[in-house]
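One structure below.
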Amino acid sequence: MSTPMTVQQHILEEQRRLRPAASGEFSWLLSGITLATKLIAAQVRRAGLADIAGAAGGAANIQGEVVQKLDVIANQALLNCLGNRGNVAVMASEEDDEPVVSQRDWEHGKYVVVFDPLDGSSNIDVNVSVGTIFSILRRAPEPDRFRTPLEDVLQPGFKQLAAGYVVYGSSTMFVYTAGNGVNGFTLDPSIGAYLISHPNIRMPASGSIYSCNEANADTFPGGYRKYLAYLRSGESGRKYSSRYIGSLVADFHRTLLKGGIFLYPPTASHPSGKLRLMYEANPIAFLAEQAGGKATDGTMRILDKTPHSLHERTALMVGSGAEMEALARFVSPA
Ligand code: P6P
């Protein structure tokens with residue numbers, strides 16, 4: 001019986017094919033992420049059974065959000081599984097105010113990993129899909145001056161070596177790109193392995209779903225309101241449905257597979273956008289472009305944005321070419 005390819009085999013084969021000189025270090029790093037997400041999946045699957053789904057004693061993270069216990073567990077799993085890989089120099093998490101240094105040694109510490117350990121965690125208590133999002137950068141060559149860990153992290157999205165997410169939904173799926181297309185793997189809990197289930201994912205050139213928090217629509221800038229009216233009017237020649245889960249990973253995963261558009265424009269409460277550039281928008285944008293889609297902040301390509309702080313926010317519009325090109329006609333760069 002031939003077993004489907006595992007994510008480890010896929011990563012190794014891709015590294016051998018694309019970077020014959022690769023030392024296997026990159027695939028070793030990615031295996032740290034897959035291990036952490038299996039630990040997280042095990043906890044997410046039993047969240048209602050133990051007293052871990054509730055807020056972690058009301059503690060608040062840098063975002064000022066009540067930290068769910070699963071957030072803490074997920075963050076610790078990633079820090080532990082990546083921290084002992086030996087080739088990760090710096091880790092930066094949505095849960096931590098500052099980056100964590102794990103390997104200052106320039107010879108070994110080649111990589112920087114930025115992640116949102118459990119995105120959408122406010123949905124855990126109502127059993128809605130949540131996710132882990134990650135972005136892998138190369139640590140710049142040894143500088144001729146001292147550089148802080150934060151300087152190692154703050155790189156524009158086009159410098160990402162790899163990016164991906166795990167969506168803890170009806171099944172647990174690992175979706176990633178290393179710059180050569182997007183591939184999806186489904187966790188088989190009976191053997192504890194991610195097996196290839198969605199090879200070479202391509203985002204449809206157009207879709208019939210738009211996704212945004214309609215409660216904010218009255219405070220979107222005018223161009224976005226006109227665009228949503230255009231989608232609803234049928235002028236595009238397509239009938240659209242509205243779907244919004246409130247977990248970026250779940251809303252994007254649907255957009256990746258079905259096409260259409262996800263929008264989080266500027267709002268009255270978040271005039272610069274709500275989503276985080278480094279560990280939400282950048283990895284999602286890399287995946288979208290690798291699958292044939294587009295991602296902007298309404299004025300420019302997400303991957304071209306220069307980050308200025310670890311937790312900075314951005315507007316994010318991401319989706320199929322047809323919907324993104326139509327959007328650009330309504331929302332011209334400032
Ligand atoms: P709103 C979850 O908190 C999150 O960061 C993303 O996963 C999600 O897309 C967004 O916020 C939802 O925000 O304002 O619609 O609840």
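The values are calculated or read from the model by the stated rules, or taken from the named source; none is laboratory data. Fair warning: this is a prediction, and the values are worked out from it, not measured in the lab. Every residue, glycine among them, receives a Cβ derived from its backbone with ideal geometry; neighbour counts consider all protein chains shown. The protein model used for the area step is the full one, side chains on, heavy atoms only, and it has no ligands, DNA or RNA in it. Shrake-Rupley method; radii C 1.70, N 1.55, O 1.52, S 1.80 Å.
So the values come out like this:
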| read-out | value |
| --- | --- |
| Of all residues in segment 197-242 being surrounded by 19 or more Cβ atoms within 10 Å (Cβ to Cβ) and of a type in the set (Ser, Thr, Tyr), the one that is nearest to the ligand (Cβ to nearest atom) | SER211 |
| Segment 71-101, residues that are in a strand (DSSP E or B) and open to solvent by 60 Å² or more (accessible area, probe 1.4 Å) | VAL101 |
| Residue ID - nearest to ASP152 (Cα to Cα), chosen from residues in segment 284-321 that are surrounded by fewer than 20 Cβ atoms within 10 Å (Cβ to Cβ) and of a type in the set (Gly, Ala, Ser) | SER309 |
| When residues of segment 125-137 are limited to those that are of a type in the set (Val, Ile, Thr) and either away from the ligand (no atom under 11 Å from the Cβ) or in a loop (DSSP other than H, G, I, E, B) (or both), the one most open to solvent (accessible area, probe 1.4 Å) | VAL126 |
| Selection within segment 243-269 - open to solvent by less than 20 Å² (accessible area, probe 1.4 Å), more than 12 Å from the ligand (Cβ to nearest atom) and touching an Asp or Glu at 6+ places or on another chain (Cβ under 9 Å) | GLY259, GLY260, ILE261 |
| Test set (1) among the hydroxyl-bearing types (Ser, Thr, Tyr); (2) under 26 Å from ARG301 (Cβ atoms); (3) assigned by TED's automatic domain parsing to the domain that holds LEU277 - TYR165 fails condition number | (3) |
| Within segment 211-293, helices (runs of 4 or more DSSP H) holding 3 or more residues that are without any contact (Cβ under 8 Å) to a residue 24 or more places away in the chain | 222-233 |
| Some residue of segment 276-292 being of a type in the set (A, V, I, L, M) and within 11 Å of the ligand (Cβ to nearest atom) | yes |
| Index of the failed condition, ALA140 passing every other in (1) aliphatic (A, V, I, L, M); (2) assigned to a loop (DSSP other than H, G, I, E, B); (3) surrounded by 15 or more Cβ atoms within 10 Å (Cβ to Cβ) | (3) |
| All positions within segment 102-113 that are modelled with pLDDT of 85 or more and either out of contact with any Asp or Glu (no Cβ under 9 Å at 6 or more places or on another chain) or in a loop (DSSP other than H, G, I, E, B) (or both) | SER102, GLY109, LYS110, VAL113 |
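To keep it simple, each residue is scored yes or no on (1) open to solvent by 10 Å² or more (accessible area, probe 1.4 Å); (2) touching a residue at least 40 places away in the same chain (Cβ under 8 Å); (3) among the acidic types (Asp, Glu); (4) out of contact with any helix residue (DSSP H, G or I) (no Cβ under 6 Å at 6 or more places or on another chain).
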| site | (1), (2), (3), (4) |
| --- | --- |
| GLU107 | yes, no, yes, yes |
| ARG147 | yes, no, no, yes |
| GLN155 | yes, yes, no, yes |
| VAL166 | no, yes, no, no |
